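Working notes, beginning with the structure itself.
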Amino acid sequence: MVTPRTRRFDARLDALNKLQEFVEDCCADAGIDPRTISVLMLICEELFENSRRHGYPATPGDSPEQPVWLTLAATSKGIDAIYEDAAPAYDPFANISLPDYSGPAETWPVGGLGIPLVTRLTRGLRYVRTGTRNRITFSVPVDG
Amino acid sequence: MQLTEERIGNALLLKASGRLDSNTAATFKTALQPYLEQCKPGGHVIVLDFATIDYISSMGFQVLLVAQNRAKTQYGSIAIAALQPGVRAVFEIANFSKAIRCFDSVRDAIAELAPAAFASYIKGA
């Protein structure tokens with residue numbers, strides 16, 4: 001039985017390193033391979049950036065009152081994760097698709113890649129609104 | 001993030017290393033900017049050597065797309081070479097290898113995009 005570890009972060013760019021360190025620590029303790037750690041870091045960065053840039057109401061600069069929570073349970077088989085923020089209710093995965101790069105280059109969207117990436121890198125991805133939080137649950141199997 | 005440059009004829013080889021994520025994307029964009037000005041016919045083609053980039057997120061992709069858009073408006077060429085397997089996998093999953101030209105090696109990129117510089121590159125390699 002793995003005891004999940006939860007940590008709170010502020011949705012500020014300077015907290016991203018701390019979130020990445022938390023991911024690395026949890027995975028290293030469970031003996032997760034570097035490639036899987038990298039995938040989990042990417043997923044968490046994209047969710048974190050989504051909260052920071054789009055989830056919370058725009059305020060001048062980064063506000064310290066915009067928390068996110070990450071819970072990780074890492075085993076040798078993979079990682080089960082819960083990502084939460086306290087932004088207004090919003091399901092980021094509704095009607096999501098990868099940007100289309102098939103047309104003329106001038107029509108390609110510059111952004112909008114992060115959340116589609118999350119949908120492709122995770123298993124069992126699920127969004128629910130629980131109380132005042134947006135909760136996203138997912139799993140990442142170990143590589144190979 | 002720093003870029004190291006190597007000029008080989010009309011090819012400009014820019015080597016980046018480390019992580020290309022939300023923390024470093026802005027620095028990478030700023031570092032790339034002066035090189036993009038000369039990325040046009042009569043100037044140079046840009047080959048980004050990603051052999052030592054070990055992580056990329058969507059913020060990194062955004063910078064690459066903006067750089068390519070700039071190059072295209074100037075009729076210039078920009079490409080990425082030598083992606084590590086894990087980074088290449090993210091490019092494929094993101095469909096991003098359809099957005100920007102990727103080559104297996106710097107050698108392949110220069111051979112295709114800057115054939116006039118290829119002989120010099122081989123001599124120096």
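Taken together, the values in this text are just the output of simple stated rules run on the coordinates, not laboratory data. Keep in mind that what you see is a predicted model, and the values were worked out from it rather than measured. When we count neighbours, we look across all protein chains shown, and the Cβ atoms used for this are built from the backbone with ideal geometry, even at glycine.
Please work out which residue is surrounded by the most Cβ atoms within 10 Å (Cβ to Cβ), limiting yourself to segment A:12-26 and to residues that are over 13 Å from A:Leu70 (Cα atoms) and of a type outside the set (D, E, K, R).
So, considering only residues that are over 13 Å from A:Leu70 (Cα atoms) and of a type outside the set (D, E, K, R), the one surrounded by the most Cβ atoms within 10 Å (Cβ to Cβ) is A:Leu13.
When segment B:5-23 is examined, which residues are found to be buried (at least 20 other Cβ atoms within 10 Å of the Cβ) and not hydrophobic (A, V, I, L, M, F, W, C)?
If the condition is that a residue be buried (at least 20 other Cβ atoms within 10 Å of the Cβ) and not hydrophobic (A, V, I, L, M, F, W, C), then B:Arg19, B:Asp21, B:Ser22 are the ones that fit.
Every residue in segment A:68-91 that is touching a Phe, Trp or Tyr at 6+ places or on another chain (Cβ under 7 Å) and either part of a strand (DSSP E or B) or closer than 20 Å to A:Leu121 by Cα (or both), please.
If the condition is that a residue be touching a Phe, Trp or Tyr at 6+ places or on another chain (Cβ under 7 Å) and either part of a strand (DSSP E or B) or closer than 20 Å to A:Leu121 by Cα (or both), then A:Val68, A:Leu70, A:Ala81, A:Glu84, A:Asp91 are the ones that fit.
Of (1) within 12 Å of chain A (Cβ to nearest Cβ); (2) of a type in the set (Val, Ile, Thr); (3) without any contact (Cβ under 8 Å) to a residue 12 or more places away in the chain; (4) under 25 Å from A:Ala11 (Cα atoms), B:Thr30 satisfies all except one. Which?
So the condition that B:Thr30 fails would be (1).
Is there a residue in segment A:107-123 that is surrounded by fewer than 16 Cβ atoms within 10 Å (Cβ to Cβ) and either closer than 22 Å to A:Arg7 by Cβ or acidic (Asp, Glu) (or both)?
For segment A:107-123, residues surrounded by fewer than 16 Cβ atoms within 10 Å (Cβ to Cβ) and either closer than 22 Å to A:Arg7 by Cβ or acidic (Asp, Glu) (or both): absent.
In the set B:Ala67, B:Ala111, B:Ala81, which member is buried (at least 21 other Cβ atoms within 10 Å of the Cβ), of a type in the set (Gly, Ala, Ser), free of Cβ contacts under 8 Å to residues at least 40 places away in the same chain and more than 14 Å from chain A (Cβ to nearest Cβ)?
Going through B:Ala67, B:Ala111, B:Ala81 in turn, just one is buried (at least 21 other Cβ atoms within 10 Å of the Cβ), of a type in the set (Gly, Ala, Ser), free of Cβ contacts under 8 Å to residues at least 40 places away in the same chain and more than 14 Å from chain A (Cβ to nearest Cβ): B:Ala81.
Is it the case that segment B:88-104 has a residue that's within 12 Å of another protein chain (Cβ to nearest Cβ) and in contact with an Asp or Glu (Cβ under 8 Å, 6 or more places away or on another chain)?
No: segment B:88-104 contains no residue that is within 12 Å of another protein chain (Cβ to nearest Cβ) and in contact with an Asp or Glu (Cβ under 8 Å, 6 or more places away or on another chain).
Consider segment B:1-56. How many of its residues are in contact with a His (Cβ under 7 Å, 6 or more places away or on another chain) and part of a strand (DSSP E or B)?
2
Kindly provide the set of residues from segment A:98-118 that are more than 8 Å from chain B (Cβ to nearest Cβ), of a type outside the set (A, V, I, L, M) and touching a Ser or Thr at 6+ places or on another chain (Cβ under 9 Å), ordered by number.
Answer for segment A:98-118, where residues must be more than 8 Å from chain B (Cβ to nearest Cβ), of a type outside the set (A, V, I, L, M) and touching a Ser or Thr at 6+ places or on another chain (Cβ under 9 Å): A:Asp100, A:Gly112.
Looking at segment B:99-107, can you tell me whether even one residue there is touching a residue at least 40 places away in the same chain (Cβ under 8 Å) and in a helix (DSSP H, G or I)?
Within segment B:99-107 (the criterion being touching a residue at least 40 places away in the same chain (Cβ under 8 Å) and in a helix (DSSP H, G or I)), the answer is yes, since at least one residue qualifies.
Go through segment B:54-64 and give me each residue that's at the interface with another protein chain (Cβ under 7 Å from one of its Cβ atoms) and either among the polar types (S, T, N, Q) or closer than 25 Å to B:Ala111 by Cβ (or both).
B:Ser57, B:Ser58, B:Gln62
Conditions tested, residue by residue: (1) farther than 17 Å from A:Ile136 by Cα; (2) buried (at least 20 other Cβ atoms within 10 Å of the Cβ); (3) not basic (Lys, Arg).
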residue	(1), (2), (3)
A:Pro4	no, no, yes
A:Arg8	no, no, no
A:Gly55	no, yes, yes
A:Pro67	no, no, yes
